[in-house]
Amino acid sequence: MTRKSWCFKQVETPLTDDQIKGLVNKFDTDGDGKISRRELRVGLRKLGLRFATFRAMGAVRYVDANGDGVISDEEINELAKYVSKWGISVEMPMTEDQIKGVLRKFDKDGDGKISRRELKAGFKSLGLRFACFRSRRALRYADANRDGVISEEEINELARYVSKWGISLT
């Protein structure tokens, strides 16, 4: 369960071609290694896309190089490029590595440490409510040597703590 309504804004990032390929491969419900127009239509509907029938028909027509009416493994890359134009956004929980990347950006003075003030400002920039309270709690949780800042060695613990808040990418 994500608590995006009171915790974080959703972070908008476009899906990469590899992510789209992984998503599209899940549409292959019969496991034959090929995606039919029907399977693509059902998958696009599950993603919440409008005009799924029209989009599936157009995608198969555009991508199907050999004209067999299905999308094979060789044609998946071309499908991923075609589908990426639609701006699909899927809610995915952030990994700890992604959270660490976001947290490292909070270090505004570039000293390699995140102060409580930087943590608070970073949480506010992400849309977190009660940023002052959360920054104090996060610092208390992750600051192992109690020096008042989160060092590079302590960022793993901070990322683990923050990952419990349900940050998601869409």
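A few points about this structure:
- Three-way shape label, region 17-84, alpha-carbon gyration tensor, a/c 1.5: rounded
- The packing ranking of peptides 76-83, 57-64, 126-133, highest mean first, is 76-83, 57-64, 126-133, where packing means the average number of other beta carbon atoms within 10 angstrom of each residue.
- Over region 93-163, Cα pairs under 8 Å with separation of 6+ residues give a relative contact order of 37 percent.
- Residue ranges 134-146, 32-44 sort as 32-44, 134-146 when ordered by packing (mean number of other C-beta atoms within 10 Å per residue, highest first).
- Cα-Cα over 26 Å, subset of LYS105/LYS164; LYS34/LYS164; LYS46/LYS81; LYS81/LYS105; LYS26/LYS105; LYS100/LYS124: LYS34/LYS164; LYS81/LYS105; LYS26/LYS105
- Globularity index of region 93-163, i.e. its alpha-carbon radius of gyration over 2.2 N^0.38 Å: 0.97
- Signed unit charges on C-beta, dipole axis of region 93-163, positive-most listed residue ALA121, GLY148, LEU158: ALA121
- Measuring nothing but how far apart in sequence close Cα pairs (under 8 Å, 6+ apart) lie, relative to its length, region 26-170 scores a relative contact order of 20 percent.
- Contact order for region 23-73, expressed relative to its length and based on alpha carbon pairs under 8 Å spaced 6+ residues apart, stands at 37 percent.
- Nearest-20 debye value, region 93-163 charge dipole, Cβ charges on Lys, Arg, Asp, Glu: 540
- Solution diffusion estimate, µm²/s, Stokes-Einstein, region 17-155, Kirkwood Rh from C-alpha pairs, 25 °C, viscosity 0.890 mPa s: 135
Taken together, the values in this text are just the output of simple stated rules run on the coordinates, not laboratory data. Everything numeric here is computed off the predicted structure, so don't read it as measured data. So basically every Cβ, Gly included, is an ideal-geometry build from the backbone, and we count neighbours across all protein chains shown.
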